[in-house]
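Enquirer: Sharing a structure below in structure tokens format, with a few things to ask.
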Amino acid sequence: MDLLKKVKNNNLKGRGGAGFPVHDKWSLVIKAKGREKYLIVNGAEGEPGVKKDEYIIKHYTEELLSGIKIILDYIKAKKCILFLNHNYIKYDEKIKKYIDSSYNIEIVYKEKNAGYIAGEESTMLNILEGKRSEPRIRPPFPTESGYKGSPTLIHNIETIYNIYLVSCSQYKKNRFYTINGEVKNPGVYNLPANYSIARILEETNNLPLFKFFVQHGGQASGEMLNSSQLEKKVSGSGAITIYSYKNNNDYELIKRLINFYFNSSCGKCTPCREGTYRLKEMLSKEKMDWKHFLELIDNLENSSFCALGSSLALPIKSYIKNINPKFKPEL
Ligand code: SF4
């Protein structure tokens, strides 16, 4: 069967966090006739607590590179750029073993200080073109005008691995979960994509016996859930972090989140640049103005230029709603 049909029949979704259907992306790039096409593989993996791409690079190097070659052939792309987290340079030799001269595959490592935003796809395109590290206005989308203005297919490492599995009829609708925090068996696990958080914790022998809460998706943008809400599926980049009530306090956890976003903001838009600065400033004051704090969070959610700024609201709001009933900001 034709590969594009197989991809569609398997209902393959991107694993970078947004879950866009792979078939639709391919169709758009293939339709863009008469222009050079590019494949960019996003392995920037900058969100704390997410380690699945590194796991695939380390354990499934050959499969990953086979997936890249299969896509290059299928969409007739001129070149592939493998954009990787700077820490993954330790796998450089291993990856290069599977790159032969008949394919134009370049590896680019994200700079150490490039931060979380470097993994946002339009920011990544800017970086690869030597431009300022900030998101682009969309549309146009990369499938129409991406790398150097050409139609560009951008996939996360896990998506490429899944495409490889689909191509050889081995795809079992699994996904990779990074489990971390206060657990007995931290690590990356490959389990069915339709498992609930509770089931994943049970199967990996990580269901805590103490009073705990969970952040799922990633340690920055992930939603916070209490232990009675674990029938949900894992969102975003597939990470699950366990926190004990005993070892966490509201203030420190919110401060960690705000600091992460403050340090990750690229500074392009006012709501995120000024908003994260003000939120950080407010947290440092002796008496917190929670009403103003939450208004600023709403502002970031609704008017940030890119998903980084808007994604700050979910962990903070879900923490306030779901986790600590004693934590009542003075509103
Ligand atoms: S929301 Fe604005 S300032 Fe924040 S990372 Fe995106 S573009 Fe940059």
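Each reported figure results from applying straightforward, stated rules to the coordinates on display, with no laboratory input. What you see is a predicted model, and the numbers here were worked out from it, not measured in a lab. Here Cβ is always computed from backbone atoms with ideal geometry, including for glycine, and neighbour counts include all displayed protein chains.
Enquirer: Would you mind telling me the antiparallel percentage of the DSSP bridges in the chain, rounded to 5?
Expert: Bridges in the chain are about 45 percent antiparallel.
Enquirer: In deg cm²/dmol, rounded to 500, what helix-only [θ] at 222 nm does the chain give when every DSSP H run of at least 4 residues adds -39500 (n - 2.57) and the total is split over its residues?
Expert: -11000 deg cm²/dmol
Enquirer: With the Cα gyration tensor of segment 181-331 in hand, convert its eigenvalues to equivalent ellipsoid semi-axes via √(5λ) and list them largest first in whole Å.
Expert: Semi-axis lengths for segment 181-331 are 29, 18, 12 Å.
Enquirer: Among 113-125, 281-293, 68-80, how do they line up by average Cβ neighbours within 10 Å per residue, starting with the highest?
Expert: So the order, starting with the most tightly packed, is 113-125, 68-80, 281-293.
Enquirer: Please sort through the DSSP H helices of the chain and keep those with an alpha-carbon extent of at least 18 Å along the long axis and a Kyte-Doolittle average not below 0.5.
Expert: Helices meeting the span and hydropathy rule in the chain are 61-75.
Enquirer: Here's something else I'd like to know. Net charge around residue 307, counting only other residues with Cβ within less than 12 Å of its Cβ (Lys, Arg = +1; Asp, Glu = -1)?
Expert: Around residue 307, the surrounding residues sum to -3.
Enquirer: So how do 238-250, 94-106, 155-167, 132-144 stack up, highest first, on mean other-Cβ count within 10 Å?
Expert: 155-167, 238-250, 132-144, 94-106
Enquirer: Between residue 274 and residue 205, 0.36 nm times their residue separation minus their Cα-Cα distance comes to what?
Expert: Value of the extension gain: 20.5 nm.
Enquirer: In nm, give the distance between the simple-model label positions of residue 79 and residue 288, each being 7 Å from the Cα along the Cα-to-Cβ direction.
Expert: 4.8 nm
Enquirer: Under a Cβ-only charge scheme (Lys and Arg +1, Asp and Glu -1), can you give me the dipole magnitude of the chain about the Cα centre, in debye to the nearest 20?
Expert: My answer is approximately 480 debye.
Enquirer: Please get the size of the charge dipole for segment 32-147, origin at its Cα centre, with Cβ charges of +1 on Lys and Arg and -1 on Asp and Glu, quoted in debye to the nearest 20.
Expert: Details: 20 positive and 18 negative charges, 50 e Å.
In total the dipole reaches around 240 debye.
Enquirer: Using Cα positions and a limit of under 24 Å, work out the lysines in reach of residue 285, with same-chain residues fewer than 8 apart set aside.
Expert: Those lysines meeting the cut-off are 255, 317, 321, 326, 328.
Enquirer: With the cut-off at 1.5 for a/c, could you classify segment 261-323 from its C-alpha gyration tensor as rounded, prolate or oblate? If you can, show how the numbers build up before the last one.
Expert: Numbers: a/c = 1.90, a/b = 1.24, b/c = 1.53.
Oblate is the answer for segment 261-323, as a/c is 1.5 or above yet b/c matches or exceeds a/b.
Enquirer: Express the C-alpha Rg of the chain as a ratio against the empirical globular expectation 2.2 N^0.38 Å, rounded to two decimals.
Expert: Rg over 2.2 N^0.38 Å, computed on Cα atoms: 1.03.
Enquirer: Fewest first, what order do 231, 45, 223 take by the number of other Cβ atoms within 10 Å?
Expert: With the fewest neighbours first, 231, 45, 223 line up as 231, 223, 45.
Enquirer: What length, rounded to one decimal in nm, is gained on full extension from residue 190 through to residue 87, with 0.36 nm per residue of separation minus their alpha-carbon distance?
Expert: Extra length from residue 190 to residue 87 when fully extended: 34.8 nm.
Enquirer: Same structure, new question: Where nothing but the Cβ of Lys and Arg (+1) and of Asp and Glu (-1) is charged, how large is the charge dipole of segment 174-244 around its Cα centre, in debye to the nearest 20?
Expert: Computed charge dipole of segment 174-244: roughly 40 debye.
Enquirer: Distance from the Cα centre of segment 146-192 to that of segment 238-286, in angstrom?
Expert: 28 Å
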